[in-house]
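Read-outs throughout are calculated quantities, based only on the coordinates presented, and are distinct from any laboratory measurement. Source: prediction; values computed, not measured. Note that we place each Cβ from the backbone using ideal geometry, even for glycine, and neighbour counts take in every protein chain shown.
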Amino acid sequence: MNAAGEAREPSGLPSGEAATPFVRELLSGLPASCSWLLPVIDAEGTVIDFRIAAVGSRADDVGGRSGQDRVGRTMAQLYPMLVGEPLWQLYHQVLADGVPGRLPDFSYAADQRGIVATSLFDITVHRACGGLLVYWQRLDEDLRRLEQTETLGGLGWGETDLNTGETTWSPGMYRIFERDPALGPLSRRAQADMIIAEDQPLRETAWQILDSGTISDLTLRVRIGDEVKHLRLVADIARDPSGHPVKVYGVVQDVTARETTRTAMDRLREQLHTQELTMLAEHRLAGRLQQIIQPVPEDVIELGCLQALVRYLPAENSVRVGGDWYHALPLPTGQVLLAVGDVVGHGLPAATAMAHLRYSLTAWTSVGIGDPGQLLRHMNTLCLQLNTTATAVIAVYDPADGTLVWARAGHPLPLLGSAGAARPLPWLDGLLLGASPRAEYQQGHLRLQPQDVLLLYTDGLIERRADDEDQTMHEVTRALSILSGDAARPLTTLLPPPNPHDDTCVLAARIRR
């Protein structure tokens with residue numbers, strides 16, 4: 001303060017009465033409930049009051065008085081109950097030392113008829129141009145509107161800090177879960193335990209959806225006391241700049257009344273929506289499992305005596321992963337094993353069964369079992385134990401004499417391209433894997449020539465609902481014929497188009513010598 005009792009300001013800026021036109025013009029453009037106060041000083045230089053010299057565009061105060069009614073009047077005249085109270089002391093302190101101050105959750109009790117008796121504010125005070133810039137942010141009306149919205153909509157919101165584990169609930173959440181606010185929010189484990197057993201899988205589905213970066217919107221049934229409530233949960237995750245999740249936000253709505261009165265058609269629509277979300281989550285998991293089990297190489301595989309190309313084409317119109325698989329590996333004897341199979345069904349069960357078959361095939365060949373018929377018998381026993389069925393074809397090529405030994409189990413016949421012509425291999429009997437414990441598998445033998453191309457495939461290559469199967473087979477054999485007649489043509493030219501309705505796995509092998 002200077003000798004006249006005015007707050008010191010940086011040189012070059014107007015202060016006190018001289019700054020009034022400047023501050024009034026500035027505040028008139030601010031969409032906020034703020035005011036600029038100038039100190040009222042007595043003959044001894046003591047600040048005894050504060051005069052309102054300018055107000056913001058949202059000028060009405062807690063008593064409904066306009067800015068025009070308040071400008072020029074003092075705080076003691078307008079708000080006598082504030083004199084000597086903490087806010088009054090804050091005004092003096094900020095004016096004296098220039099350090100901005102704040103009074104959170106300030107409760108103002110009015111004594112005027114016709115206005116809210118008690119109001120809640122967050123008040124900030126800054127020294128500016130020889131006076132005080134004061135901003136009153138009203139809290140009670142926002143809180144009241146939020147509480148009324150939650151009550152009318154049966155809503156509540158909560159958030160959990162994943163770093164600290166701290167959970168915050170709105171009043172609506174306590175009403176929905178019929179819990180005393182003094183006890184604080186329920187733990188995540190306690191909330192999970194309330195979900196009825198039939199809906200527990202949806203909890204994992206919600207996390208799968210959130211993990212994919214999508215907002216989760218699911219309806220679950222929870223048991224609260226003796227009552228089962230239908231709660232719609234919309235959840236989202238906040239992440240840090242590196243992409244790691246840091247908070248989970250959720251809005252809960254009690255939709256019990258709606259669920260218990262909806263029509264049979266509405267129930268069916270909701271069930272289909274939930275099933276689709278579950279299938280999408282299962283598809284992502286099965287797809288990851290399939291990529292881990294049998295990663296498909298982008299380039300041609302060099303296996304010494306032959307080149308191999310693998311392509312896996314998922315169905316265009318399906319959200320579920322199939323059980324198609326392949327294998328191409330050199331054996332300890334110097335021979336090369338080629339195999340393609342298809343587990344019946346889709347989704348996680350098919351992907352899991354496919355993993356068992358593929359890894360078991362690797363294990364059997366590593367201990368010296370290289371006979372295609374014997375390998376299929378072992379796979380048949382495994383399918384019976386897994387209670388699943390599958391088809392497969394296994395071929396073993398010996399570069400020493402150029403012979404190919406092969407066998408099939410309910411699988412389409414391989415195709416052979418040789419010297420510009422293509423044909424299926426001779427028919428061999430072979431029962432579906434997992435169909436009978438007494439199944440036997442015939443073996444075929446033939447000699448291959450350099451540049452011959454052998455094509456193993458699953459039924460998605462030729463079985464297409466919209467096209468004629470014979471026409472599709474003709475196109476495949478024609479492409480194989482051209483490939484076998486031109487040694488310079490790469491194997492990638494054999495790549496088929498995707499099947500809209502079924503997964504397709506192809507394994508093409510060209511004899512190098």
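Could you tell me the calculated FRET efficiency between ASP217 and ALA43, based on Cβ-Cβ distance and R0 = 51 angstrom, to the nearest 0.05? So, using R0 = 51 Å, E works out to roughly 0.15. Near TRP325, once Lys and Arg are set to +1 and Asp and Glu to -1 for all other residues with Cβ below 9 Å from its Cβ, the sum equals -1.
At a Förster radius of 35 Å, what calculated FRET efficiency corresponds to the Cβ-Cβ distance of VAL83 and ASP180, to the nearest 0.05?
Values: r = 40 Å, r/R0 = 1.14.
Taking R0 as 35 Å, the efficiency between VAL83 and ASP180 is 0.30.
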